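The values are calculated or read from the model by the stated rules, or taken from the named source; none is laboratory data. Computed from a predicted structure; not experimentally measured. Every residue, glycine among them, receives a Cβ derived from its backbone with ideal geometry; neighbour counts consider all protein chains shown. Accessible surface areas use protein heavy atoms only, side chains included; no ligands, DNA or RNA. Shrake-Rupley method; radii C 1.70, N 1.55, O 1.52, S 1.80 Å.
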Amino acid sequence: MDGRARVVVVDFGGQYAHLIARRIRELGFYAEVVPYDTLKPEDVSSAGAIVLSGGPSSVLEEGAPRLNPSLLELALREDKPVLGICYGHQLLATALGGAVGKGAKGEYGSATLEVLTEDPLFSGTPRIQRVWMSHRDYVDTLPPGSLVLARTEDCGIAAFKLAGARVYGVQFHPEVKHTEYGARILENFLMGVARLEPSWRPEDAVKSVIERVRAAYNGGNILVAASGGVDSTTAAYIVKLAVGHEPIHLVVIDTGLLREGEAERAVGTLKSLGFKHVHLLDAAREFLSALKGVVDPEEKRRVIARVYFEVLERRARELSAVYGEFRYLVQGTIYPDRIESGRAGRGSDRIKSHHNVTLPEKLGLELIEPLADFYKDEVRKVAISLGLPEELVYQHPFPGPGLAVRVVGEVTEEKLKVVRKATKIVEEELRKAGLYRSLWQAFPVLLPVKTTGVKGDARSYEYAIALRAVVSEDAMTAEFAKLPWEVLEKIASRIVNEVENVNRVLYDLTNKPPATIEYE
């Protein structure tokens, strides 16, 4: 075994590029994502294997992301195992002297793959298998000295290998669950082709993260934007382990957009974890005032981010006058926040802005994000390994902008009361039914429409609520939850009977993609 289990995933801007890294980590190999335009020779030389991700561009487009030819030459010269996936497959083929064409039609979704020859990449998989495709461009001319390994009905070169080298390209996506033997194919590449040894777990990364924080800390007070959720709490706890609790000040801002009693619970949890300086600030009026008349969801998020950091900056100045100057800001940013905000790589598209990745420069603080390269489930494993309470660890993710993104359209105090009470009902009933832990998220959304109903033999004209419940591993993709009808009926009955101004409950049957998990 080579033993160098560091896998470099070169990101060409695909929304799910990090899903490749995640699958590699699940197999026990440490994976690092590097944007294509920041890849350095040392990244190539130090890697045990290199994976070229998919991406939204076409290799036929002028200005599309490219791999530096000298870096590919270096990889070949040093006999580095290389696997190109989708866009990476096409890019690899053209870089090696092949050609890519544009098909008459695209190939999206499930496809039947036929493996044409025995090869270590497909070891232990059948000749006919289901794979997931997402492309229109295709490799129509093999690079010199290459061999076709597999095909589909619409794609004659669905996988190829460069003869005499550990270089492969696959048009399909082995990282997605829909590819029947995708995990085995990745494992074959990493163990059979790259000869790497699985030796990584998220919990094992804690020590190195703590060491990095400790090495970066040069004294001074540390400000933590704390929500009481697992991400910000785990990030703060890691910093506490690195530098001690004395310089750390956690600020919990009650934005007025939180769930019932959430701010107070957050303060209690943080104090129970040994944090000495926990500050609660009620800024509900400021947020509601700033959101008045705002309808566009992106503008709503920008407003919340702006007010959040204005409030945080003001509180930091007040605390500085008492405790001394602040030098650092800790945030619980995780990777899905960064990818959806378009901050994970040069080619990534922005899906929606997250307030915790829009740090204004005027704060003048150095940013510490211990969890920025972790997915939510990995954060949970880290949190459990640190001894954080399970109730905190396994609570459903809650968006940074809070209930504002669960009120479609303008946010008002009246609407917040509606969605806050409905949220409490949803969570209570799911816990009673023993379903809460099996779901990634479940919540009500107040729609910007009123519908006709009947209450007490009289006509009502009130709001409709959409109930959203999904199962997911990392929030990058999600499927709607097939909740039992009796549970849905109980939730709907309680909402229309106990929540004022609501007379209709709908259930959302949409997956992600095409929808996002949250509505805004």
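Quick notes
- Selection within region 2-34: residues that are of a type outside the set (Val, Ile, Thr), over 21 Å from Trp132 (Cβ atoms) and at pLDDT below 90. The member of this set that is most open to solvent (accessible area, probe 1.4 Å) is Arg4.
- Some residue of region 441-453 being touching a Ser or Thr at 6+ places or on another chain (Cβ under 7 Å) and closer than 30 Å to Tyr375 by Cβ: yes
- Residue in region 360-385 that is modelled with the lowest pLDDT, counting only those that are more than 21 Å from Leu19 (Cβ to Cβ) and buried (at least 18 other Cβ atoms within 10 Å of the Cβ): Leu365
Rundown of residues vs (1) part of a loop (DSSP other than H, G, I, E, B); (2) in contact (Cβ under 8 Å) with a residue 12 or more places away in the chain, yes/no style:
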position	(1), (2)
Arg136	no, yes
Pro143	yes, yes
Ala150	no, yes
Ile157	yes, yes
Phe172	yes, yes
Met191	no, no
Ala215	no, no
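- For region 217-247, the set of residues classified as assigned to a helix (DSSP H, G or I) and free of Cβ contacts under 8 Å to residues at least 40 places away in the same chain consists of Lys240, Ala242, Val243, listed by residue number.
- Selected residue (criterion: nearest to Val411 (Cα to Cα)) from residues of region 457-494 that are crowded, with 18+ Cβ neighbours inside 10 Å and over 31 Å from the mean Cα position of the chain (by Cα): Tyr463
A quick yes/no check of all residues on (1) outside any helix (DSSP H, G or I); (2) exposed (fewer than 12 other Cβ atoms within 10 Å of the Cβ); (3) free of Cβ contacts under 8 Å to residues at least 24 places away in the same chain:
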position	(1), (2), (3)
Arg285	no, yes, no
Leu288	no, no, no
Gly293	yes, yes, no
Glu299	no, no, yes
Ile304	no, no, no
Val307	no, no, no
Ala316	no, no, no
Arg327	yes, no, no
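- Restricting Leu74, Leu60 to those that are more than 22 Å from the chain's Cα centre (by Cα) and not in a helix (DSSP H, G or I) reduces the list to Leu60.
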